[in-house]
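To start, the structure under review is shown below, and the notes come after it.
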Amino acid sequence: MRISVPSKGNKGLNDEVSPHFGRAPYYTIWDSETSEVETVPNTSQHMGGQGYPPELMHAHEVDVMLCSGLGPRAVQMFEKFAIRVYVGAMATVKDTIDAWKTGNLQEATDETVCKEHKH
């Protein structure tokens, strides 16, 4: 399973989680079967490129996105690609993955998405 976390840099599992999913400079992807770590720059239109982050994650064969928060439109796009989304990420990428493994992150629903920014 490939797990992605928006990150502030390209330091792998020790990097800090980026608080804004769509404008994260990078996405750190951890493969639960091989323990390989890949850092992908955010080349979406939010960063001057093309497409949206869910499309980028789909292209990198991500199964699960762990983030601090995101809007309902992003959740709908992830659903289109059958990528599960969990919210509540904080601290480092490793801390976030550990929190997800132990069931301490919430699956993104209408009640848990960011509504104040109308993402």
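Tell me the relative contact order for segment 25-74 as a rounded percent, counting alpha carbon contacts under 8 Å between residues six or more apart.
23
Using a simple spin-label model with points 7 Å from Cα along the Cα→Cβ vector, what separation in nm is obtained for Thr102 and Asp63?
Calculated label separation equals 2.2 nm.
Counting only pairs 8 or more residues apart or on different chains, how many lysine pairs in segment 7-119 have their Cα atoms under 24 Å apart?
Here the count comes out as 9.
Quick one: compute the contact order of the chain, relative version, from alpha carbon pairs under 8 angstrom and 6+ residues apart, as a percent.
Once normalised by length, the contact order is 26 percent.
For Met47 paired with Ser32, estimate the spin-label separation in nm (one decimal), with each label point 7 Å from Cα along the Cα-to-Cβ line.
2.5
I'd like the GluC sites (Glu not before Pro) in segment 1-44 restricted to DSSP loop residues with at most 10 other Cβ atoms within 10 Å, sorted by number.
Glu33, Glu36
In segment 54-110, what GluC sites (Glu not before Pro) fall in a loop by DSSP, with at most 16 other Cβ atoms inside 10 Å?
Hits after loop and neighbour filter: Glu61.
By what distance, in whole Å, do the Cα atoms of the chain stretch along each of the three principal axes, largest value first?
Cα extents, longest axis first: 34, 31, 24 Å.
Only the coordinates and a few stated rules stand behind these numbers; no lab work does. These numbers were taken from a predicted model, which means no experiment stands behind them. Positions of Cβ are generated from backbone atoms using ideal geometry, with glycine treated the same way; all protein chains shown enter the neighbour counts.
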